[in-house]
Structures are given as structure tokens and as C-alpha cells.
Amino acid sequence: MDLLLRRGQKALEEGQTEAAIEHFTALTDHAPEFAEGWHGLARAYFAADLYGPTLDALGHVLALNPDHYPAMFGLGVLLVEFEDYARAEETFMKVLNLNPHYEEAKEALDRLKRVGVGRTL
């Protein structure tokens, strides 16, 4: 498991999304209960602009670990891509409830405020 995880992460870092998808797919095939394998697969699919498979992989992560805030953050990012800003805001707030120091979620909420989500008069 560790070898496939490291290979997938390295491939992602190097921008080799196809290789990352292959490594993470092998990992999820061999260890379907390992949430980090699914999270890596979701990240690789997202990097390849494959949003349907990304959403499916994130669903696996959150089914295995409902408090996996990086996967929850990824879901929020997808919701922004789908222009579902209200649900994205709600998702980023859940991330911050789990981890108040998650800077990416704070930044994402700030970006949403710039487009008018979450602002009050």
C-alpha cells in the first residue's frame, strides 16, 4: 500500500496524471477500505479534469471517513466548479468546523465572498 501511495503522490507532484491514476487505482483495488488511496485517486482525477470520477472517489473517501476534511474540501472545490456556490460555502464551513486552521478553506470562503456568496448587507 505504501509503495503505491508514494508512487501515486510522486506522479501527481510531477504532473503525470495518467500514471497517478494508474497507481491510485491499483491501490484502491488492493485496499478498498484505505481512504487515502481514494483521496489520492480523487486528486488525480481532478488534475485530469475528470469531475465525475473525482466525485465518485470523494464519495468513497467520505463513506469510509466522514470527517476526512481534505476530501470534504475537494468536494467544495468541485461544487465551485459546478457553480453551486451556496453548497460550496456550506462545505467549506464544515471543513473549518473540523479543522479551524485549514487555510485553503478560509481562502476558498474569501474567494466566494468576492463573488457575493456569504456576504450580508
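Grab the other residues whose beta carbon is less than 11 angstrom from that of Asn99, score K and R as +1, D and E as -1, and report the net. Net charge around Asn99: -1.
Of the peptides 102-113, 37-48, 62-73, the order by per-residue mean of other Cβ atoms within 10 Å, starting with the highest, comes out as 37-48, 62-73, 102-113.
Given R0 = 22 Å, the distance between the Cβ atoms of Ala63 and Glu22 translates into a calculated FRET efficiency of 0.45.
For the chain, the longest principal axis of the Cα atoms and the long axis of helix 2-13 meet at an angle of about 50 degrees. Counting only DSSP H runs of at least 4 residues, each contributing -39500 (n - 2.57), and dividing by the residue count of the chain, the helix-based mean residue ellipticity at 222 nm comes to -24000 deg cm²/dmol. Across segment 15-21, rounded Karplus estimates of 3J(HN,Hα) from the backbone phi angles (6.51 cos²θ - 1.76 cosθ + 1.60, θ = phi - 60°) give x, 9, 5, 4, 5, 4, 4 Hz, Gly and Pro being marked x.
Rounded to the nearest 10 degrees, the angle from helix 69-81 to the longest Cα principal axis of the chain is 70 degrees. Classification of the chain by its C-alpha gyration tensor yields a prolate form. The axis ratio a/c (a ≥ b ≥ c) is 1.5 or more, and a/b outweighs b/c. Each residue of segment 40-47 was assigned a 3J(HN,Hα) from its phi angle through the Karplus expression (A = 6.51, B = -1.76, C = 1.60, θ = phi - 60°), giving x, 5, 4, 4, 5, 4, 4, 4 Hz with x at Gly and Pro.
Taking Cα atoms only, the orientation of helix 85-98 departs from the longest principal axis of the chain by about 70 degrees.
Modelled label positions at Asp56 and Lys94, each set 7 Å beyond Cα in the direction of Cβ, lie 2.1 nm from each other.
Any read-out appearing in this document is the output of simple, stated calculations on the displayed coordinates, not a laboratory observation. What you are looking at is a predicted structure, and each value in this text was computed from that prediction instead of being measured. A quick note on method: Cβ atoms are made from the backbone with ideal geometry, for glycine too, and the neighbour counts reach across all protein chains shown.
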